[in-house]
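Structure first, then comments.
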Amino acid sequence: MPRPSSSSATTGGADLLCACRDTLVRWGKDARRTAGLMIGQPDYDAYVAHAAVTHPDQAPLDRTAFFRLHEARRFGEGGGFRCC
Amino acid sequence: MGKLKTALIFGAIAILGAVSLAVIALHQGESISAVWIVVAALCVYAIAYRFYARYLAGKVLGLNARRPTPAVRHNDGLDYVPTPRNVLFGHHFAAIAGAGPLVGPVLAAQMGYLPGVLWILVGAVLAGAVQDMIVLFMSTRRDGRSLGDMVRTEMGPIPGVIAQVGVLMIMVIILAVLALVVVKALAESPWGTFTVAATIPIAVFMGLYTRYLRPGRVGEVSVIGVVLLVLAIIGGGHIAADPFWGPAFTLSGTTLAIAMMAYGFIASVIPVWLLLAPRDYLSTFLKIGAIVALAVGILIVRPHIQMPAITPFIDGTGPVFSGALFPFLFITIACGAVSGFHALISSGTTPKLLENENQIPLIGYGAMLCESFVAIMALIAATVLDPAVYFAMNSPVAVIGDNAASAAAAVAQWGFHITPAELENLARQVGEHSILSRAGGAPTLAVGMAHILSGVIGGEAMMAFWYHFAILFEALFILTTVDAGTRVCRFMIQDLLGMAVPKMRQTQSWTGNVVATALTVGLWGYFLYTGVVDPLGGINSLWPLFGIANQMLAAVALILGTVVLFKMKRQRFAWATAVPAVWLLICTVTAGLQKLFHPDVKIGFLAHARKYQDAMAAGEILAPAKTIGDMHRVIVNDYVNSALTAGFLFVVLTVVVYGVGACLKALKSDQPTVVETPAEHELTLADEAMDIARA
């Protein structure tokens with residue numbers, strides 16, 4: 001998208017740097033989330049955000065309990081299917 | 001304007017793909033660069049994804065972006081979580097990518113590279129990716145239910161139970177054949193055995209670390225684990241050279257088979273956090289890393305394909321596996337072209353994480369294209385080797401003898417020339433006593449990978465390291481599959497036994513756990529053991545059984561897809577699933593009947609049994625049997641394999657009958673009769689406004 005012509009070259013450069021950094025941070029976050037899900041661990045932060053909206057009255061599981069729950073599920077009944 | 005751009009871009013891709021395919025198919029004489037195969041594959045995938053996957057999504061399935069997915073409807077932040085599509089793609093790919101696409105193409109390379117490349121491409125585009133996509137679609141429309149469940153609700157309770165028993169039989173064969181691949185790779189190899197054994201204490205350390213020291217810190221413990229693994233690979237070289245430890249880690253196939261059974265039993269009854277889960281982290285990350293490394297390696301080194309386009313072995317006389325190109329090529333390359341096992345994954349976790357129906361083409365179709373590309377790379381790794389080396393590594397002792405001189409003489413008869421010294425030298429380079437008769441795919445792939453990766457880093461000095469790195473990565477994720485699979489089978493068996501003895505169903509009960517695990521290990525252990533002592537190498541009879549089972553499961557999934565399309569009143573598009581289903585049925589039923597009744601003792605189980613019976617009647621003893629008791633066992637094994645093959649045929653043919661019945665019934669109704677979760681609240685007007693604002 002063309003930028004307004006009034007913006008000077010320096011701010012344009014800073015914007016670009018910002019945009020690059022944001023993109024890299026987002027990629028890093030996605031990569032971490034992907035790696036977690038590959039081993040059966042969904043995103044903890046997403047869970048906390050979700051719990052805050054839907055069950056504000058209850059304390060969410062802490063990180064360790066969340067981790068152990070998913071560890072047990074991955075290899076529990078109905079889980080753990082893996083391809084040949 | 002947009003249309004013109006698309007037409008230009010994809011026109012160019014089509015031309016490039018056609019040129020590459022022409023080079024691959026028509027080139028005679030001098031070797032061609034592997035890059036042609038890579039380019040051809042990528043062009044085919046791009047066109048298939050842009051046009052066919054889009055056609056399936058729009059016309060055939062009628063995906064509806066406004067219909068809430070299970071992840072949206074049941075969002076609980078735990079099991080049902082709307083997940084960004086890139087993240088979910090990675091998860092789904094990691095779940096479907098296993099040892100199958102690495103081993104099958106290596107075995108199929110005995111027929112030359114061309115048949116394998118064509119089947120991997122055509123199979124993935126028209127069958128495999130279609131299956132994965134439609135199963136994901138069906139499960140998404142049914143709250144993420146499993147394949148067996150869907151067969152039951154759409155086709156009836158009887159085919160439902162039959163399909164579930166079929167899945168159990170398939171699991172057992174898969175576990176046995178994968179375990180056999182590991183045994184074949186580690187037998188008589190102290191270096192490999194040490195590194196794989198070292199993963200046990202490393203995993204236990206990681207388990208204790210994530211349990212007590214730093215709970216849940218998977219990232220850092222995985223980095224520590226990988227560093228320890230690399231040290232184990234380096235240390236393995238010294239262990240193998242040690243006068244005491246070298247022989248101590250040199251184990252025979254039968255010892256390793258028994259050790260694997262004991263280990264599989266222990267690993268699946270102890271708490272998962274101690275061994276299974278941490279090794280899963282290592283194997284998952286190593287698997288993705290190794291696949292990426294192989295892709296980068298091929299692009300940097302651009303190796304030349306040494307194997308002929310087509311070898312004389314398409315007539316079925318090949319030493320690696322017996323049977324002609326049709327149907328056995330289509331059985332041998334299962335995963336990578338089409339794999340029924342993916343139907344279990346696509347109806348497992350993935351549909352519960354899907355954000356929107358319009359992501360089904362990317363996740364279902366796209367991830368399978370990536371898996372297919374892994375198979376292409378495995379085929380490249382096997383065919384860049386000197387064919388003489390390939391055949392010396394993959395032919396059984398019974399065919400090429402047990403030393404380099406006899407092996408060189410045997411492969412020379414097939415027209416491939418190598419000196420015994422060269423064979424011995426290659427074994428020394430990769431740090432092994434011998435590379436002869438190491439069927440099973442893993443060692444061949446490892447030599448191929450070492451050949452490619454040492455071209456990027458380290459040169460010949462690093463060959464042995466890369467070889468053992470490749471062996472370790474394959475063994476590691478096969479072992480994880482074996483342990484996790486043993487647990488899955490255990491739960492299935494407990495469920496089945498629970499019908500008779502309700503107490504068995506309690507998965508927390510120690511007795512139920514031990515009994516069902518022992519049964520599971522006994523089942524796959526039996527097939528593993530018979531495979532190890534088989535003079536033709538075991539892979540010869542077990543891999544086709546696995547292939548038949550896996551492709552039959554794919555046929556079942558595609559039949560279900562066809563039934564569902566009929567019940568949705570979309571039968572005019574049902575050819576998209578019916579055509580690949582029919583092709584798989586033709587291949588698997590032909591292969592199944594040949595495994596039963598073929599007069600050649602190398603192919604037909606019954607002919608093999610008859611040969612031993614006749615010998616016994618004449619008072620002779622045939623190798624590998626040494627006593628009359630051994631002879632009896634060989635015959636019993638043949639009958640067990642025959643019964644299993646007949647069982648697979650029964651499963652698939654029953655599902656066909658019920659499937660045709662369900663389609664005819666659906667035709668008579670003038671209403672859709674499909675059993676989907678109702679789209680109770682399609683997105684509201686407010687959501688729609690949000691959608692528009694976002695776009």
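Please treat every number below as a calculation from the coordinates, not as lab data. Worth saying up front: this structure is predicted, and the values here are computed from it rather than measured. Quick reminder, even Gly has a Cβ in these numbers, built from the backbone with ideal geometry, and neighbours come from all protein chains shown.
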Self-check item: Whole-number D in µm²/s for region B:427-481 (Stokes-Einstein; Kirkwood sum over Cα pairs; 4 °C, 1.567 mPa s)
Solution: 115
Quiz prompt | Distribution of pairwise C-alpha distances over the protein assembly as shown, 10 Å bins, in % | solution = 3, 13, 24, 27, 20, 10, 3, 1, 0, 0, 0
Practice problem: Determine the principal axes of the Cα atoms in region B:276-358, then give the extent along each, sorted from largest to smallest and rounded to whole angstroms. | Solution: 49, 34, 33
Exercise. Note down the magnitude of the dipole of chain B about its Cα centre, charges +1 on Lys and Arg C-beta and -1 on Asp and Glu C-beta and zero elsewhere, to the nearest 20 debye.
Key: 1580
Quiz item: If region B:1-152 were replaced by its equivalent ellipsoid, with semi-axes equal to the square roots of 5 times the Cα gyration tensor eigenvalues, what would those be, largest first, whole Å?
Solution: 35, 22, 13
Quiz item: Rounded to the nearest 0.05, what FRET efficiency do residue B:406 and residue B:533 have when you use their Cβ-Cβ distance and R0 = 30 Å?
Solution: 0.90
Self-check item: Cα-centred dipole magnitude for region B:91-191, charges only on beta-carbon of K, R (+1) and D, E (-1), debye, nearest 20
Solution: 100
Quiz prompt | Alpha carbon Rg of chain B, scaled by the compact-globule rule 2.2 N^0.38 Å | solution = 0.95
Self-check item: Qualifying aspartates and glutamates (Cα of each under 12 Å from Cα of residue B:3; at least 8 residues distant if same chain)
Solution: none
Quiz item: After finding the eigenvalues of the alpha carbon gyration tensor for region B:349-490, what semi-axes result from the square roots of 5 times each, listed largest first in whole Å?
Solution: 36, 17, 16
Quiz item: Where a Cα-Cα gap under 23 Å defines reach, which lysines qualify for residue B:602, not counting those fewer than 8 residues away within the same chain?
Solution: B:184, B:611, B:626
Quiz prompt | residue B:30 versus residue A:21: modelled label distance in nm, points set 7 Å from Cα along the beta carbon direction | solution = 5.4
Exercise. Using the Kirkwood radius over Cα pairs, work out the Stokes-Einstein diffusion coefficient for region B:382-464 at 37 °C and 0.692 mPa s, in µm²/s as a whole number.
Key: 260
Quiz item: When the helices in the protein assembly as shown are scored as -39500 (n - 2.57) per DSSP H run of 4 or longer and the sum is shared across all residues, what 222 nm value do you end up with, to the nearest 500 deg cm²/dmol?
Solution: -22500 deg cm²/dmol
Self-check item: Over chain B, relative contact order from alpha-carbon pairs under 8 Å, at least 6 apart, %
Solution: 23
Quiz item: With a sphere of radius 10 Å drawn around the Cβ of residue B:669, what net charge do the other residues whose Cβ falls strictly inside it have (Lys, Arg +1; Asp, Glu -1)?
Solution: +3
Practice problem: Please report A:53, B:589 as a ranked list, fewest other C-beta atoms within 10 angstrom at the top and most at the bottom. | Solution: A:53, B:589
Practice problem: Take the Cα coordinates of region B:1-83, assign each an equal point scatterer, and use the Debye formula without solvent to give log10 I(q)/I(0) at q = 0.15, 0.17, 0.21, 0.24 Å⁻¹. | Solution: -0.75, -0.82, -0.96, -1.08
Quiz item: Can you give the direction-averaged projected area of the convex hull of the alpha-carbon atoms in region B:326-401, in nm²?
Solution: 7.3
Quiz item: What ranking do B:74, B:91 get, fewest neighbouring Cβ atoms within 10 angstrom at the top?
Solution: B:74, B:91
Quiz prompt | Once exposed loop GluC sites (Glu not before Pro) are cut out (DSSP; at most 12 other Cβ, 10 Å), longest piece of chain B | solution = B:31-619
Practice problem: Please give the helix B:2-26 orientation as an angle from the longest Cα principal axis of chain B, in degrees from 0 to 90, rounded to the nearest 10. | Solution: 20
Quiz item: Can you work out the base-10 log of I(q)/I(0) for region B:170-282 at q = 0.24 1/Å, using the Debye formula on its C-alpha atoms alone?
Solution: -1.27
Self-check item: Per principal axis, descending, Cα span of region B:560-674 in whole Å
Solution: 68, 18, 16
Quiz item: Within a Cβ distance under 12 Å of residue B:451, other residues only, what is the Lys/Arg minus Asp/Glu net charge?
Solution: -2
Practice problem: Enter the angle in degrees (range 0 to 90, nearest 10) between the Cα long axis of helix B:442-456 and the first principal axis of the Cα atoms of chain B, meaning the one along which they spread out most. | Solution: 90
Self-check item: 19 Å tail of the calculated P(r), region B:190-250, as % of Cα pairs
Solution: 37
Quiz prompt | Given charges at beta-carbon only (K, R positive; D, E negative), |dipole| of region B:233-389 in Debye | solution = 140
Quiz item: With N residues in region B:52-125, what two-decimal value do you get for its Cα radius of gyration over 2.2 N^0.38 Å?
Solution: 1.59
Practice problem: Provide, for q = 0.14, 0.21 Å⁻¹, the log10 of I(q)/I(0) from a solvent-free Debye sum over equal Cα point scatterers in region B:491-565. | Solution: -0.72, -0.89
Practice problem: Would you calculate the volume per residue, in Å³, of the smallest convex hull containing every Cα atom of region B:255-315? | Solution: 175
Self-check item: Residue-averaged beta-carbon neighbours from other chains (10 angstrom radius) around B:94-106
Solution: 2
Quiz item: What number comes out for the charge environment of residue B:219, summing +1 per Lys or Arg and -1 per Asp or Glu over other residues with Cβ under 14 Å away?
Solution: +4
Quiz prompt | Subset of B:352/B:668; A:29/B:5; A:29/B:287 violating a 23 Å alpha-carbon distance limit | solution = B:352/B:668; A:29/B:5
Practice problem: Putting +1 on Lys and Arg Cβ atoms and -1 on Asp and Glu Cβ atoms, find which of A:38, B:348, B:423 reaches farthest to the positive end of the dipole of the protein assembly as shown. | Solution: B:348
Practice problem: Based on alpha-carbon positions alone, could you give the equivalent ellipsoid semi-axes of region B:243-387 from the gyration tensor, as √(5λ), descending, whole Å? | Solution: 29, 29, 19
